[in-house]
1. Kindly put V62, V145, V42 in sequence by how many other C-beta atoms sit within 10 Å of each C-beta, fewest to most.
2. To make sure I understand, if each residue's beta carbon is the centre and we count other beta carbons within 10 Å, what order do H105, H88, H157 fall in, fewest to most?
3. I need T43, T142 ordered by Cβ neighbour count within 10 Å, fewest first.
Amino acid sequence: MLNVSFLFVLFLSFARVALSVYFVVNTPSKGDKWVNDQVNYVTWTIGRNDQNPVSVFDLELVRLSAEGINYIAKNVPVGAPGLPLELHDVPAGDDYFLVFINSTHGLEYAMSNQFTILSDGSDNGTSIKTPSTKKGQSLLATVTVNGPPNPTNPFIHTFAPTSGSPRTIKISSISAIMVGSVVAAITAL
């Protein structure tokens, strides 16, 4: 006779695999240097298939050495080629990260490599490359980040919801079978 807690742990491990997402941050990359008063591009790659549970994400700018979270954008569509960010008076530092998250549930999809933000007028920044777009695609509106990180401020920009429910997680048929198996095993006890 199988232990119910064992079956539950087994279910959770399969469910985690079924709901995992291929989400890679392309820019900023390790060693990138962004400059204040310039447009810098955030780009990502996400897996495309029918099982992909992510249609939007929220973006946060995090700094390690100070109280540092800026809530940048909410409901960013994953299908966009990139997000332009314009920085103004963001403190210079080499300890910044971008976090791609579902802020409603606290689920982190990805995190960028550590990058540097330089003061305005610096000529040591990483060259800015505008992301390429496919036919019918356009870049998202530029989001302007002003001042130091402040965790009490709301998101700077909220994008309109995409078609479908942006917070719905599609459960694969394997997960549905696992749920059915766990329920059957529990009722058999």
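Any read-out appearing in this document is the output of simple, stated calculations on the displayed coordinates, not a laboratory observation. Remember, it's a predicted structure, so these values are computed and weren't measured experimentally. Here Cβ is always computed from backbone atoms with ideal geometry, including for glycine, and neighbour counts include all displayed protein chains.
1. So the ranking, lowest neighbour count to highest, is V62, V145, V42.
2. With the fewest neighbours first, H105, H88, H157 line up as H105, H88, H157.
3. Ordered by Cβ neighbours within 10 Å, fewest first: T142, T43.
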